[in-house]
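Since the structure comes first, as structure tokens, the remarks are kept for the end.
The values are calculated or read from the model by the stated rules, or taken from the named source; none is laboratory data. Only a predicted model underlies this, so the values are computations on that prediction, with no experimental measurement involved. Cβ sites come from the backbone with ideal geometry, for glycine too, and all protein chains shown count toward neighbours.
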Amino acid sequence: MSVTPIILDCDPGHDDAMAIILAGYSPKIKLLGISTVSGNGAIEKVTENALRICTLAKINVPIAQGSGVSLLGAAEAATDIHGETALDGADLPAPAFALQKMSGVELIGKLVRESTEKVTLVATGPLTNIALFLKLYPELVTNVEQIVFMGGSASRGNRTPYAEFNIWMDPEATDVVLKSGLPLTMCGLDVTHQALVTKEVFGELEAMGTELSKKIIGLMKFFAKTYDEVFEMPDPPLHDPVAVAFLIDPTVVTCKFVNVEVELKGEFTRGATVVDLFDRGGGKRNCTVALNLDAPKFWKMMLDAVRAAGAAS
């Protein structure tokens, strides 16, 4: 069985927390480390959340705090969705281990440099750290297998009418990534809105009866409440784990290889991903875009990981 070494760059966040668990407990993924980036909450909060989730799920990998602002110096927390802590809904244990004494970008560079295999970068938050890595460590790019990111949309947005939150937070960083020349896969709202936390999913979690599953139920109930209030979606979409699931089994999604650009200047469309599904613009194809999800296959992966994590913790 082939195993994919990854670095997870994230902004936990309810869905990032689940992506960490999926990456930490899939036998097909080797989680080398975690870097954090501001997005769902301020950098200190999301970094604390990464430490707490890894403590809860007994995932012992190096974690480093990354950028707290976008490339242009902006920051905004999604408190309307994730709450004041960026991970409201359950009391999580205090961190059992310390942060690395280096920045998130430095950790990415270290892990990529030291790996004997090409590393896949998985980004489930704004792409700031990934763009900085590409700019600061150009000599290491040849040791990157691909970049898979959760973000963007081929249709509507969720932060503005046309911009998805992660991309809207740092469109300049997204532009760097899209122009990197590396193999790219985008798991945007089109596909992640099919990964719904339904009543059946809650039933599966309740049946596990572990301390971990109980904490996850609390987190997901908070997430469901805010998604229903803000987006009129009583079953919330579990965005971020889709990017990890793609690496476990690419058949979990159907994709199209197209040209993707990011809007940097539009008055109403800044941060929108311009996904040329039908090659109308004539731009060079640069990104594989996930469009449809095999939801039963996805949830089997996710729930299997939660069961494994619950047994370990």
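Kindly establish whether F223 is touching a His at 6+ places or on another chain (Cβ under 6 Å) and more than 20 Å from R285 (Cα to Cα). Walk me through it before giving the result.
Working: touching a His at 6+ places or on another chain (Cβ under 6 Å): yes; more than 20 Å from R285 (Cα to Cα): yes.
The answer is yes for F223.
So G89 passes all but one of these: (1) in a loop (DSSP other than H, G, I, E, B); (2) free of Cβ contacts under 8 Å to residues at least 40 places away in the same chain. Which condition number does it fail?
(2)
Go through region 200-212 and give me each residue that's without any contact (Cβ under 8 Å) to a residue 24 or more places away in the chain and at negative phi.
Going residue by residue through region 200-212, those that are without any contact (Cβ under 8 Å) to a residue 24 or more places away in the chain are 200, 202-203, 206-207, 209.
Across region 200-212, the qualifying residues are E200, F202, G203, E206, A207.
In region 249-278, what residues are in a helix (DSSP H, G or I), surrounded by fewer than 21 Cβ atoms within 10 Å (Cβ to Cβ) and β-branched (V, I, T)?
Step one: filter region 249-278 for residues in a helix (DSSP H, G or I), giving 250-252.
Going one step further and asking which of them are surrounded by fewer than 21 Cβ atoms within 10 Å (Cβ to Cβ), we end up with 250-251.
Of everything in region 249-278, just one residue is in a helix (DSSP H, G or I), surrounded by fewer than 21 Cβ atoms within 10 Å (Cβ to Cβ) and β-branched (V, I, T), namely T251.
Looking only at region 35-62, count every residue that is crowded, with 24+ Cβ neighbours inside 10 Å and either among the acidic types (D, E) or in a strand (DSSP E or B) (or both) and tell me the total.
Number satisfying all stated conditions: 2.
Where the second residue is part of a helix (DSSP H, G or I) and at pLDDT 95 or above and the first is of a type in the set (S, T, N, Q) and crowded, with 24+ Cβ neighbours inside 10 Å and lies in region 128-155, which pairs have Cβ atoms under 8 Å and are six or more apart or on separate chains?
What qualifies is T128/M169; T128/A173; N129/G104; N129/V105; N129/I108.
Identify the residue in region 63-77 that is of a type in the set (G, A, S) and over 15 Å from the mean Cα position of the chain (by Cα) and, among all such residues, is surrounded by the fewest Cβ atoms within 10 Å (Cβ to Cβ). Show your work before the answer.
Pass one, region 63-77, residues of a type in the set (G, A, S): 64, 66-68, 70, 73-75, 77.
Retained after the next criterion (residues that are over 15 Å from the mean Cα position of the chain (by Cα)): 64, 67-68, 70, 73-75, 77.
On the way: A64: 23, S67: 25, G68: 17, S70: 22, G73: 7, A74: 13, A75: 17, A77: 20.
Per the criteria, the residue is G73.
In this structure, is V274 without any contact (Cβ under 8 Å) to a residue 24 or more places away in the chain, within 25 Å of the chain's Cα centre (by Cα) and within 17 Å of D175 (Cβ to Cβ)? Give the derivation first.
Values: without any contact (Cβ under 8 Å) to a residue 24 or more places away in the chain: yes; within 25 Å of the chain's Cα centre (by Cα): yes; within 17 Å of D175 (Cβ to Cβ): yes.
Criteria met by V274.
With the structure loaded, tell me whether I29 is closer than 28 Å to R307 by Cα, modelled with pLDDT of 95 or more and in contact with a Cys (Cβ under 7 Å, 6 or more places away or on another chain) or whether it fails that test. Walk me through it before giving the result.
Working: closer than 28 Å to R307 by Cα: yes; modelled with pLDDT of 95 or more: yes; in contact with a Cys (Cβ under 7 Å, 6 or more places away or on another chain): no.
So I29 fails the test.
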